[in-house]
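One structure is given below, encoded as structure tokens.
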Amino acid sequence: MKLFRGFFVALSFLTRIPVRHKHEPSIGLAAPWFPIVGVVVGAIVGGVAWGVSNLTTPLVGAAVGVLVGVVVTGAFHEDGLADIADAFVGGWSTEDRLRILKDPLHGSYGVAAMCGSILLRVCALSAITPQQMFTAAIAAHCLARAGALALMLTTSLARHEGLGSDYVKSLRRLPTIISLVVSLFLVVFILGLWSVAVVGATIVGAATIRWWSIKKIGGITGDVLGAAEQVSETLILIALSAQ
């Protein structure tokens, strides 16, 4: 069980699934497990979407599946996307943007970003056949979190406080690289040639958010990682809807 301790810490951090820890949670062990938590969330989303689609329509199934994912994660990543939309679009200076990122309330830009993300994911997932919804959701959630994990490995912090910074500062390089490789092989196994498209979508999503965050605040924060997950997940599902 010691081997999987980091997984349960990551599960409790990224989702609302109740997890009891017998020992003090180790932040350093958790981050490499983020993509595997994505597999769990994706399986829930894809399973619900597939099941409801068989009872009603793909659009209803996709909507229910995506919203179940929001509930399971507690809108964790959506909150990050909304925060950077408010800060990066509405802030006038680096200090102002960092201040907005700390504000728990969302403005018009943030609400629009969250609604747009959910709408695009529902539309894209509904365009995928019910038989493929399960694997599509797993790939999207796994790779999107792998993209955020890659940002943690390659990008400096904009500020050295908060949960996101704690995870970045305690990140261990070798387990993180192994996690990224395992995630890549998993997606190649379940998607075959389409893995090229989804990996490309992940790189575009994560790289875009990385560039934007460096330009606006000089680095990444926990909110930036959430936004990277959301943008990558959306782009992956859009790419898969072209099948």
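Here are the numbers for the structure shown:
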{"quantity": "Burial order of peptide ranges 56-64, 102-110, 80-88, 142-150 (average beta-carbon count within 10 Å, highest first)", "calculated": "142-150, 80-88, 56-64, 102-110"}
{"quantity": "Dipole magnitude (debye, nearest 20) for the chain, charges at Cβ of Lys, Arg, Asp, Glu", "calculated": "600 debye"}
{"quantity": "Whole-Å semi-axes of the range 40-175's equivalent ellipsoid (Cα gyration tensor)", "calculated": "31, 19, 11"}
{"quantity": "Cα-Cα separations in the range 2-240 greater than 31 Å, expressed as whole percent", "calculated": "18 percent"}
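Throughout, read-outs are computed from the coordinates displayed, never taken from laboratory work. Just so it is clear, the structure is predicted and the values come from calculations on it, not from any experiment. Glycine gets a Cβ as well: all are built from the backbone with ideal geometry, and neighbour counts include every protein chain shown.
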